[in-house]
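Take a look at the structure below.
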Amino acid sequence: KDIIHTWDLLKIRIHYFAAHLVPTASIVIHLANRYGDTILLLSTSPDSNLQMRVEPGLHLIDCIIQQLPLAGGEYVFGCGMAIPNTEWLFKNFNLAKLSVMPKDVYFSGLAPQYPRTLLAVPHQWIL
């Protein structure tokens, strides 16, 4: 997808290579603000409890974010592979810039945008 907006469905595809068997592995996605503060960290394990055994060779994995909660702004994308809670096999949390275009998801005339807010969460006010 060329242009990403707040609350879009986002599929992140990661291609990776394993030189040897990794019996217990985890793929990690990291999103940060421009200052490097972690906003979102998604992992196959332990967070999503998806057990992975990685055979030698080229592989890919998709992570689907059903409703991207990031407000409009510039973010930093990174990823890694780890042995869960033990060691990093690869880690680069500064791989690419992720631009999220603002979208008026609350139909208020004011699209959530960084630095006013980092996240746009579905919510409702009741009087």
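Observations on the model:
- Just so you know, in the range 106-119 the residues that are part of a loop (DSSP other than H, G, I, E, B) and among the hydrophobic types (A, V, I, L, M, F, W, C) include one that is least open to solvent (accessible area, probe 1.4 Å), and it is Ala111.
- Pro115 meets all of the listed conditions (1) over 14 Å from the mean Cα position of the chain (by Cα); (2) at pLDDT 95 or above but one, namely (2).
- Condition broken by Ser45, with the remaining ones in (1) touching a strand residue (DSSP E or B) at 6+ places or on another chain (Cβ under 7 Å); (2) outside any strand (DSSP E or B); (3) open to solvent by 70 Å² or more (accessible area, probe 1.4 Å); (4) more than 24 Å from Ser99 (Cβ to Cβ) satisfied: (3)
- Options Lys103, Lys97; residue that is touching a Gly at 6+ places or on another chain (Cβ under 9 Å), open to solvent by 30 Å² or more (accessible area, probe 1.4 Å) and charged (D, E, K, R): Lys103
- Residue match in the range 92-102 (condition: within 30 Å of Ala18 (Cα to Cα) and among the β-branched types (Val, Ile, Thr)): no
- All positions within the range 73-94 that are among the β-branched types (Val, Ile, Thr) and surrounded by 13 or more Cβ atoms within 10 Å (Cβ to Cβ): Val76, Ile83
- Only one entry in Arg13, Arg34 is open to solvent by 20 Å² or more (accessible area, probe 1.4 Å), of a type outside the set (Phe, Trp, Tyr), in contact with an Asp or Glu (Cβ under 9 Å, 6 or more places away or on another chain) and modelled with pLDDT of 95 or more, namely Arg13.
- Residue in the range 73-82 that is out of contact with any Leu (no Cβ under 9 Å at 6 or more places or on another chain) and either modelled with pLDDT of 95 or more or part of a strand (DSSP E or B) (or both) present: no
- Any hit, the range 55-70, residues being open to solvent by 30 Å² or more (accessible area, probe 1.4 Å), at pLDDT below 95 and more than 14 Å from the chain's Cα centre (by Cα): no
- Of all the listed residues (Asp8, Asp37), the sole one being of a type outside the set (S, T, N, Q), touching a residue at least 24 places away in the same chain (Cβ under 8 Å) and over 16 Å from Pro84 (Cβ atoms) is Asp8.
The values are calculated or read from the model by the stated rules, or taken from the named source; none is laboratory data. A quick note: this is a predicted structure, and the numbers were derived from the prediction, not measured. FYI the Cβ positions are ideal-geometry reconstructions off the backbone, even for glycines, and counts take in every protein chain you see. Remember, those area values only see protein heavy atoms, side chains included, never the ligands or the DNA or RNA. Shrake-Rupley method; radii C 1.70, N 1.55, O 1.52, S 1.80 Å.
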